[in-house]
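Input: a single structure, listed below in structure tokens.
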Protein chains: 2
Amino acid sequence: MDLVDGILKADSRSMARALSIIESGGHQAQEILKGIFSKTGRGVVVGVTGPPGSGKSTLVDKLAQAYRKQSKSVGIVAVDPTSPFTGGAILADRIRMQNLYNDEGVFIRSMATRGHLGGLAWATRDAVSVLDAAGKEMILVETVGVGQDEIEVVRLADVSVVLLVPGMGDELQALKAGIMEIADVFVINKADRPQVERFQQELESVLSLCVRPDNWKPLVLKTIATEDQGVLEVIEGIASYTQFRASHPEFAESRRYETEEDILALLKERLLTRVLEQEGVRDKVRVATQAVRARKMDPYTAVEQIVEQLHKPGVAGPAR
Amino acid sequence: MDLVDGILKADSRSMARALSIIESGGHQAQEILKGIFSKTGRGVVVGVTGPPGSGKSTLVDKLAQAYRKQSKSVGIVAVDPTSPFTGGAILADRIRMQNLYNDEGVFIRSMATRGHLGGLAWATRDAVSVLDAAGKEMILVETVGVGQDEIEVVRLADVSVVLLVPGMGDELQALKAGIMEIADVFVINKADRPQVERFQQELESVLSLCVRPDNWKPLVLKTIATEDQGVLEVIEGIASYTQFRASHPEFAESRRYETEEDILALLKERLLTRVLEQEGVRDKVRVATQAVRARKMDPYTAVEQIVEQLHKPGVAGPAR
């Protein structure tokens, strides 16, 4: 397959085309992944997440520039939420990233899709796999927001960096907890803000209560990303966690495509696709929806009835 | 069923027990929903979301108090993210809400679960249905964060309120877009902050580019929730959108449990459960996971092979 060859040769146009295919979902995306999968698992995937306004994009840019100075090739995937109305992309590739574009060693792409079998997290994984197979040494995945979707995206990273900013309100306490347990490196950005010391103490005291299964003690670093302050320390932090993982193979499973949960998530999507291909099932779903809408039936009973009918031999069996 | 009777009589202990059952997932939750479903669809469900630190909890409290002054019964569901490690709740019922607790007309509960068949959004729906069946007239659903999960939670509301705060950084522009199209009422909270006028103009200019299928023009209101300023205007805004929906039945479908997409999401979960009950399938998933982990096989091919084997008559058929 031409496209697979192009990816393996790190051809930018092939990579861009592959990522467009992945974004729009469908069978061809799976063919690409099948073609490149055995060449993946070499790059280091760094997830960068944190609340809105914490400066993720700026830090990712600065990290990319610093890695380039170390002659490492870099891929960036910016994961954006998708509009539930349009299903379309919200953010185009960011304008501020264009100053990196002339550099052949950097490939940048935003992803905004739920069309992909398995949802946004899987589309992101496939995108990461493309960059990985193309030989990108450092793959930075930046997420917008701090919801469950973002946590799932962070899960696929080898190293996860969580940005925080001093004084982001009471709810930070709650938000922190969700991401606290999956952050390998904390970065307190905008460290020129007031009360940064107090914030750092609070963060460290919360962390001190938390023991991770691998006994890694998450780092707490400070940056002023806009002024390039502290960026090299973040790079060192990422490297030290990467080394820690390498030296502790018992905890060093790559997080990509590798859990049973991942396989189950894909299996679920595939089962639905298969059932909907059976004759009459789409009609049954339509009728069930109407019954639920009229409150003649609850949704659980409605779905149970559809499933019961699939049980019949000749219906649940192969379509042809 | 005792519990169903208790819910229909608005007994607080029955409601609390039902919500605990829903939170932990499982079959009993579905039984409850089956029992109460025909009595749902009466209350007005108001979703309140927005970025961290925008003051959602405060606004929800003030709205609840204002509705109580109008002698309306109120239910509050605060939707929290779940820790991917522990699977447990992050936030307990909030302390600040306890001053409402002595009022029998208010029922407050936080939800933090992904154990429920269909995930967090469905657990929230079921919780809303319990409050609805118990006769709560105003049901306020507050979400933490602005990810896809939260957007799905907002989708179940009859009226969605999105909070914004002036000067929350550049990323607000991006975040706004995700929620822009599903907000019926925008509230600019902390309206005593500098640059609120400019922020409002920006917001309105973005909104002016957007035409909704129902032609509703989202309201833009300003509050200082901590000082109870503007809260009644929000209540009027919620009422005016509720009236708009009622007078435009062509767009007035309740958003709860009513789309084909909802039924498909449940069907998918049910299909997976059914397949995993078949003998040997869990083992196959385990073997597939190991093959993928060793990069001997890509995940799509692995899942395809599991599904292929289900096709065989006697395997895909009923287990007994």
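Every read-out reported here was derived from the displayed coordinates using simple, explicitly stated rules and does not represent laboratory data. For clarity, every value in this text was computed on a predicted model and none was experimentally measured. Heads up, the Cβs are rebuilt from the backbone with ideal geometry, glycines too, and the neighbour counts pull from every protein chain shown.
Amide H to amide H, with H built 1.01 Å from N, residue A:212 comes under 5 Å of no residue 5 or more places away or on another chain.
For residue B:78, nonlocal amide neighbours, meaning residues 5 or more places apart or on other chains whose placed amide H falls under 5 Å from its own, are B:109, B:110, B:111, B:142. 3J(HN,Hα) along segment A:213-228, derived from phi through the Karplus expression 6.51 cos²θ - 1.76 cosθ + 1.60 where θ = phi - 60°, amounts to x, 8, 6, 5, 9, x, 6, 10, 10, 10, 9, 10, 4, 4, 9, 6 Hz, with x in place of Gly and Pro.
Sparse packing (at most 15 other Cβ atoms within 10 Å of the Cβ) combined with a DSSP loop state is found for the following trypsin sites (Lys or Arg not before Pro) in segment A:23-56: A:42. Close amide H partners of residue A:220, meaning residues 5 or more places away or on another chain with modelled amide H under 5 Å apart, are A:186. Counting Cβ atoms of other protein chains within 10 Å of each Cβ in A:285-292 and taking the mean gives 4. For residue B:20, the shell of other residues with beta-carbons less than 11 Å away shows a net charge of +2, using +1 for Lys and Arg and -1 for Asp and Glu.
Karplus-derived 3J(HN,Hα) values for segment A:8-19, using 6.51 cos²θ - 1.76 cosθ + 1.60 with θ = phi - 60°, are 5, 8, 6, 6, 4, 5, 5, 4, 4, 5, 4, 5 Hz; glycine and proline are entered as x. To the nearest 0.05, how large is the calculated FRET efficiency for residue A:205 and residue A:236 if R₀ is 22 Å and r is the Cβ-Cβ distance? Once the sixth-power term is evaluated, E becomes 0.40.
Magnitude of the charge dipole for segment A:261-310, about its Cα centre and with charges confined to Cβ atoms of Lys, Arg (+1) and Asp, Glu (-1), is about 320 debye. Applying 1/(1 + (r/R0)^6) with r as the Cβ-Cβ distance of residue B:9 and residue B:259 and R0 = 22 angstrom yields a FRET efficiency of 0.10.
With θ taken as phi - 60° and the Karplus curve 6.51 cos²θ - 1.76 cosθ + 1.60 applied, the whole-hertz 3J(HN,Hα) list for segment B:275-284 is 5, 5, 6, 6, 4, x, 5, 4, 5, 5 Hz, x standing for glycine and proline.
Per residue of B:27-38, other chain Cβ atoms within 10 Å of the residue Cβ number 3 on average. Classification of segment A:261-310 by its C-alpha gyration tensor yields a prolate form. The axis ratio a/c (a ≥ b ≥ c) is 1.5 or more, and a/b outweighs b/c.
Let me know the mean shielding of B:268-276 by other chains, meaning the per-residue number of their Cβ atoms within 10 Å of its Cβ.
Values: counts 9, 4, 9, 11, 8, 2, 5, 4, 3.
Whole-number average of other-chain Cβ neighbours for B:268-276 is 6.
What FRET efficiency do you get for residue A:39 and residue B:195 if R0 is 45 Å and r is their Cβ-Cβ distance, rounded to the nearest 0.05? FRET efficiency, residue A:39 to residue B:195: 0.35.
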